[in-house]
Amino acid sequence: MKLGLVLRILLIGILISTTWTQVASGLMTSECLKNFLHLTLSMEHFKDKYLSFSAVDRSGITWELDEALASQCGYTITYSSRNSIVFRASALSCHSHLEKDVFTVTIQIKVSHTSDLKNATTHLKSASCPYGPWSPRELVCETNYMEVSVWRDVPQTEKDIVLNEPEDWILSNQEAQGITFSAVRSSTFYKQQWMILMVDTAMACPVDGVNYINKTIIWTVPKYFQALCAGATGFKDVLVEAGVNLHKLSAEEMASRKYVLSNDLNTITVKIPIGAEGGFYKTSVSSGKHGAKYSINLFLEHQWEDNKWGLTKYTIIKEIETPFEQAELAVTNNSNLSARLMNVTVGMFLLDVELVNLTIEGTTVTVPEAIQHGYLTYEIQYANGSKIYVIQVSFDAPGIKKEYVTDDTREYTLNVTLKFIILPTNDTFAVPVITVSAVKDAVVPSARGYCDEDDFHLIITRGNVDQNWLPFISDQHLMPEVAQKDYYSLNDNGTHLFVSVPFLSSLVDYKDIHISGVMASLHLTLKDGITLANKKDFLISCRFPPSELIQCLPNGTVVITAIKLVRLADLDTSLLVLRDKQCKPSLVTKKSATFKFNVNTCGTSRKFNSTSITYENDVLYLRPGNDIPVYQMFSFRLKFVCVYTIKHSADVKYENKKNLPSNIKPGFGSLDLSLKLFKEKSYSEPYQELEYPVVKYLREALYFEVELLQPADPRLELNLEDCWATNSRSQDSLPQWPILINGCENSEDSYKTVSHEVNISHRVKFPQHFKRFEVTVFTFVQGTTLLQMQLYFHCSVVICSTTPLPSDVICQRRCNPGTHRLDRSAEPHRQGQVSSGAVLIREEKMVRKGEHTDF
């Protein structure tokens with residue numbers, strides 16, 4: 001009789017998830033190899049599907065194969081390449097049917113889209129293979145089990161006499177010639193009436209014995225080792241052959257593949273170059289890194305004779321997988337600049353890799369979703385079993401970073417992360433892709449500038465590279481919310497940036513001072529909004545009249561603004577003095593100092609001639625602790641000169657018709673008028689001549705009083721026509737800011753001029769000779785910018801009779817209380833104009849002597 005022993009130890013895996021896409025025309029092919037049925041299933045049929053395998057016995061009962069049952073019953077499921085699943089069944093498998101040296105195996109395969117195999121499609125496959133001549137002892141080492149069979153003539157046994165001790169089946173590890181083997185031994189006893197017969201079976205399979213040297217796989221198997229050959233002698237080799245996937249290779253085939261099979265005295269050695277035909281590479285991941293392993297399914301058959309067993313056939317099926325080797329992926333930029341299209345290739349990959357998603361600016365999208373964002377991806381396969389992935393995306397797609405680098409060039413950066421999956425293991429890895437394309441399409445900002453009497457004006461035309469650039473002057477970031485505070489204006493309409501800066505602003509650099517004027521420069525820089533690196537510089541230089549620095553007022557008051565030149569970077573403006581060192585600046589900034597004094601003080605010298613008086617003084621620099629001016633060291637000495645023309649006296653005639661003593665006929669005449677600025681609403685204390693120019697700040701009120709000084713006739717009444725402000729002494733200069741129009745407040749001014757009633761007091765004898773009104777500093781705004789300069793105020797007046805004739809419609813008031821005005825009359829009236837001293841308008845107080853601030 002034939003005694004067979006089958007022991008199973010490990011299963012590769014029987015539930016398979018795949019994502020292969022194309023379905024071929026045949027589900028599986030069968031092949032008879034050695035004593036195995038070999039079924040090959042194409043993975044292309046099982047995209048996104050789960051598989052289960054079951055053995056079907058002769059009664060039609062199905063036995064679902066899990067790992068344990070498959071190894072116990074002689075079934076193996078593995079992969080022979082990237083594209084196929086292999087099912088192997090031994091001729092001695094549990095549910096095979098042997099008849100006349102032919103064995104038949106029937107299997108059932110279920111395919112489903114879900115892991116619970118619901119709604120599965122069932123495929124049934126039955127195949128038969130011949131069973132070759134039976135050797136006295138056959139040993140098989142499969143990848144997940146061992147199998148041993150022996151032929152022995154055994155006598156008829158008595159009932160209940162066959163014994164098999166459990167401990168005889170325990171696996172153990174043994175070593176032969178440095179190679180570790182898993183070994184098992186079984187002894188079976190047969191009892192007859194006068195004798196006991198023992199049948200001894202043993203099995204051992206190599207666990208290791210594979211080395212990798214110089215890109216070569218070296219597999220070594222010992223011969224005639226103790227675990228299999230105990231008690232035997234007289235060994236003789238009958239056959240040594242090897243192959244791949246149970247296919248025997250001839251010596252010529254091995255040579256063509258550069259395989260080497262060596263049969264030495266004590267060992268058999270197989271050498272396979274890594275990457276050789278018969279095996280295949282598969283993608284692998286280690287610590288997140290992409291790489292590959294080479295895999296090959298070898299078999300070795302060794303037949304020998306000895307004096308104990310006769311002929312032994314020993315077959316080893318060995319799946320060998322090389323260690324992980326990292327593979328670099330090339331990222332190539334083939335962008336089409338004329339089409340403004342990025343074309344980037346990533347690879348090479350093996351065919352077991354698929355792209356599953358992309359991460360763009362922190363957002364992960366699937367491949368179809370990426371198309372909606374403008375990112376097209378596809379693969380190109382090559383005949384050698386490799387492929388690349390291509391990414392196409394427009395330069396203007398979301399997620400493409402644009403950066404200006406030179407005068408005409410921008411860099412477009414693609415920064416995406418590609419996530420791949422490896423089939424069929426479902427391991428994943430990510431590949432960051434960063435490519436830069438330089439395109440000569442940059443349009444940088446341009447500018448034009450000009451200066452008027454008091455300001456620099458710069459108009460910057462935006463380009464296509466400066467969306468995130470910020471304007472700076474002297475390292476100060478220009479912002480609309482602080483423009484008023486820092487005395488400049490800033491407007492941006494999206495296409496143009498408008499900047500205006502006063503000549504005496506701390507943002508201005510002063511180059512030199514000459515009798516022809518002051519050379520000043522404004523340097524504006526556009527900086528990167530993130531790195532603050534300088535991107536574009538604009539410089540405008542203008543010469544301003546020296547009158548901007550000195551004012552010689554009619555009352556003998558002189559206002560001088562001394563400016564620090566750029567070459568005098570170390571000069572402290574607060575240490576500037578006049579000839580009299582006690583005369584120090586009243587207003588100080590980091591670039592200027594303002595002095596206000598009378599021509600008869602501060603060491604001012606004077607010269608006379610027949611028509612004028614000339615006053616001279618110097619602004620000097622005085623170092624701390626040193627009473628001697630050091631203007632020579634700093635090349636700083638500002639000399640100023642004021643020339644006053646000697647006044648001529650003139651008679652002014654005033655006619656009064658004696659025949660109309662109670663009325664004054666309207667006519668031309670000379671008027672003596674005054675326009676004064678008072679310190680408070682009580683109109684008790686006016687500013688004196690030496691206090692001009694008066695400095696006023698945001699939200700402060702200006703209290704004005706217009707008085708008819710001469711003639712002192714109680715029958716006359718002073719009426720206001722128009723009042724306005726200018727930035728120069730001339731009443732006709734432009735621009736002008738209306739305060740009163742035709743005796744009425746300016747209706748277009750959101751802060752109305754307020755009129756105040758005048759009553760008799762110790763200094764007011766005739767209230768009708770006075771008019772008082774209040775103006776808010778908010779009134780003096782140009783565009784959206786608070787006017788920050790010196791202003792003069794003017795009023796035109798008309799003198800009327802307190803008892804006007806009915807025909808005198810011009811003196812019938814409309815806005816002043818108690819009187820009414822209809823229309824202007826063509827009759828002549830006494831009219832005149834009057835102006836105030838200078839008023840300096842400021843938004844907030846500047847640093848004075850003794851105060852401190854940070855600029």
Å² per residue, accessible surface of segment 481-602 at 1.4 Å:
43
Accessible area in square angstrom per residue, segment 678-757, 1.4 angstrom probe
50
Considering only protein heavy atoms and a probe of 1.4 Å, how much of the accessible area of segment 327-433 is carbon and sulfur, as a whole percent?
51
Here the gain from full extension of Leu265 to Ser586, 0.36 nm per residue of separation minus their alpha-carbon distance, amounts to 104.3 nm
Whole-Hz ³J(HN,Hα) from phi, Karplus 6.51 cos²θ - 1.76 cosθ + 1.60, for segment 46-56, glycine and proline x
10, 5, 6, 10, 10, 10, 9, 10, 9, 8, 10
May I ask you to give the percent of accessible area on segment 25-79 that is carbon plus sulfur, with a probe radius of 1.4 Å?
47
Classify segment 332-489 as rounded, prolate or oblate, taking a ≥ b ≥ c as the square roots of the eigenvalues of its Cα gyration tensor: rounded when a/c is under 1.5, otherwise prolate if a/b is larger than b/c and oblate if not.
prolate
Please state, rounded to one decimal and in Å, the Kirkwood hydrodynamic radius that segment 534-574 gives when every pair of distinct Cα atoms enters the mean of 1/r.
13.6
Along the positive direction of the dipole of segment 239-334 (beta-carbon charges: Lys, Arg +1; Asp, Glu -1; about the Cα centre), which of Leu239, Ser286, Thr322 reaches farthest?
Ser286
Please compare each pair in Lys125/Lys318; Lys511/Lys607; Lys564/Lys596; Lys536/Lys564 to a cut-off of 22 Å on the Cα-Cα distance and tell me which ones are over it.
Lys125/Lys318; Lys511/Lys607; Lys536/Lys564
Kindly report, to the nearest 10 Å², the accessible surface of Glu481 as traced by a 1.4 Å probe over protein heavy atoms only.
140
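What's the Cα-based Rg to Rh of segment 373-429, Rh via Kirkwood?
Checking Rg against Rh, the ratio lands at 1.13.
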Calculated log₁₀ intensity ratio I(q)/I(0) where the Debye formula runs over C-alpha points of segment 36-159, q = 0.09, 0.19, 0.23 Å⁻¹
-0.31, -1.14, -1.48
Quick check for you: with a 1.4 Å probe and neighbouring chains kept, what is the accessible area per residue of segment 352-474, in Å²?
47
How much length is gained if the chain between Asp512 and Arg58 is pulled fully straight, taking 0.36 nm per residue apart and subtracting their Cα-Cα distance, in nm to one decimal?
152.1 nm
Less than 9 Å Cβ to Cβ from Ser295, Lys/Arg counted +1 and Asp/Glu -1: what total charge do the surrounding residues give?
0
Please list, in chain and number order, the residues 5+ apart from Arg623 or on another chain whose amide H is under 5 Å from its amide H, with Hs placed from the backbone.
Val630
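The values are calculated or read from the model by the stated rules, or taken from the named source; none is laboratory data. What you are looking at is a predicted structure, and each value in this text was computed from that prediction instead of being measured. Methodologically, a virtual Cβ is constructed for each residue, glycine included, from the backbone with ideal geometry; neighbour enumeration extends over all protein chains shown. With ligands, DNA and RNA removed, areas are computed over all heavy atoms of the protein, side chains included. Shrake-Rupley method; radii C 1.70, N 1.55, O 1.52, S 1.80 Å.
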